[in-house]
Amino acid sequence: MRHILPVTFAVERFITLPSYIDDVPAKLQREAETLYVMTRIYCSAKHSPDSGLCDTCDGLMKYAVGKLARCPLINDKPDCKSCTIHCYRATHREQVCTIMRYAGPRMLVLHPVRALRHLMKTRRSRKGDAERAE
């Protein structure tokens, strides 16, 4: 288990990452960690588990991490939203979108550095996709 220290204004605490996140290649490690942090924000507000994630959210995270670990576009991976290969099942994709819609704005307050990195990566990815299409 690794710990990450969020830069927060609201709460200063360590977040314990589950061991299955270590299965993700180093290039996608930050993406998996960001998804975990967003899922944890969502789960603590909607499902209010005592610590960590509820069984449903934990299952979704294991599914997402498994898909990230087997991503065929690892060297030139765009963000999942603009990817040409949709790895997730429709129901899982919808759940992840719901989590990101809820947690995204809250990330700016709870984890501003991680949120800004995520936004910059998303913008770069979309800009690269537009240039490749031309």
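The values are calculated or read from the model by the stated rules, or taken from the named source; none is laboratory data. These numbers were taken from a predicted model, which means no experiment stands behind them. Glycine also receives a Cβ, built like all others from the backbone with ideal geometry; neighbour counts cover every protein chain displayed.
Say we look at the range 17-39 and pick out the residues that are in contact (Cβ under 8 Å) with a residue 24 or more places away in the chain and among the polar types (S, T, N, Q); which of these is nearest to ILE74 (Cα to Cα)? Here the residue is THR34. Screening GLY66 with (1) in contact with a helix residue (DSSP H, G or I) (Cβ under 7 Å, 6 or more places away or on another chain); (2) of a type outside the set (Val, Ile, Thr); (3) in contact (Cβ under 8 Å) with a residue 24 or more places away in the chain gives one miss only, at (1). For the range 89-103, a residue qualifies if it is over 15 Å from CYS57 (Cα atoms) and surrounded by 15 or more Cβ atoms within 10 Å (Cβ to Cβ), but none of them does. Select from the range 2-43 the residues that are charged (D, E, K, R) and either crowded, with 17+ Cβ neighbours inside 10 Å or under 20 Å from LYS121 (Cβ atoms) (or both) and write down the one among them that is modelled with the lowest pLDDT. Top of the filtered list is LYS27. Of the set (1) of a type in the set (A, V, I, L, M, F, W, C); (2) at pLDDT 75 or above; (3) more than 14 Å from GLU33 (Cα to Cα), all apply to ALA133 but (2).
Across the range 58-89, the qualifying residues are those that are part of a helix (DSSP H, G or I) and among the hydroxyl-bearing types (Ser, Thr, Tyr), and the one among them that is farthest from CYS43 (Cα to Cα) is SER82. Annotation note: of CYS54, CYS71, the sole residue that is surrounded by 13 or more Cβ atoms within 10 Å (Cβ to Cβ), closer than 20 Å to SER19 by Cβ and touching a residue at least 40 places away in the same chain (Cβ under 8 Å) is CYS71.
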